[in-house]
Amino acid sequence: MDSEEALSALSALAHPTRLEAFRLLVRNAPDGLATGELVDASGLTQSTFSTHLAVLVAAGLVVSRRQGRQMIQRAEMARLRALMVFLAMDCCEGRPELCRPLIAELDCC
């Protein structure tokens, strides 16, 4: 991941509705959720939520697939991983002790 891609992802997540929707999708990975379930969880109208979803899709954080009559939204876990690695990349440059607490927290899950 380069800086431009990281900025796009971070910008997409820098809104409460989009962040919560993405976190909900991560909790439901790898299966994802129907768009209607996300709309219901957000409390927004379908059209307003669609705008937020489009931002997440454009940033590569969410992928959509049709399943019968529904659109299923999934968190793109590889993209999340790439973003996390990008953010932590400089951390271990000669000082791995800086990343150990982060890795320990992630290891609990």
Taking +1 at the Cβ of each Lys and Arg and -1 at the Cβ of each Asp and Glu, which of I72, A14, A59 sits farthest along the dipole of the range 3-107 towards its positive end, judged by Cα position relative to the Cα centre?
-> I72
Pseudo-spin-label distance M84 to T48, built 7 Å along Cα→Cβ, given in nm, is 3.1
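Can you tell me the FRET efficiency between L106 and A41 if r is taken as the Cβ-Cβ distance and R0 is 30 Å, rounded to the nearest 0.05? Write down the numbers at each step before the final one.
Working: r = 25 Å, r/R0 = 0.83.
E(calc), rounded to 0.05, equals 0.75.
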How high is the relative contact order of the range 34-84, given as a whole-number percent (alpha carbon pairs under 8 Å, six or more residues apart)?
-> 31
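Pulled fully out, how much extra length does the chain show between M77 and R27, if you take 0.36 nm times their separation in residues and subtract their Cα-Cα distance? It would help to have the intermediate numbers written out before the result.
Values: separation 50, 0.36 × 50 = 18.00 nm, distance 1.08 nm.
So the chain would gain 16.9 nm between M77 and R27.
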Label point 7 Å beyond Cα of E93 along Cβ direction - residues of the range 1-37 with amide nitrogen under 19 Å = 1-7
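Since every read-out is calculated from the coordinates, none of them should be taken as a lab result. Remember, predicted model here, so these are calculated numbers, not experimental data. Cβ: placed from backbone, ideal geometry, glycine included. Neighbour counts: every protein chain shown.
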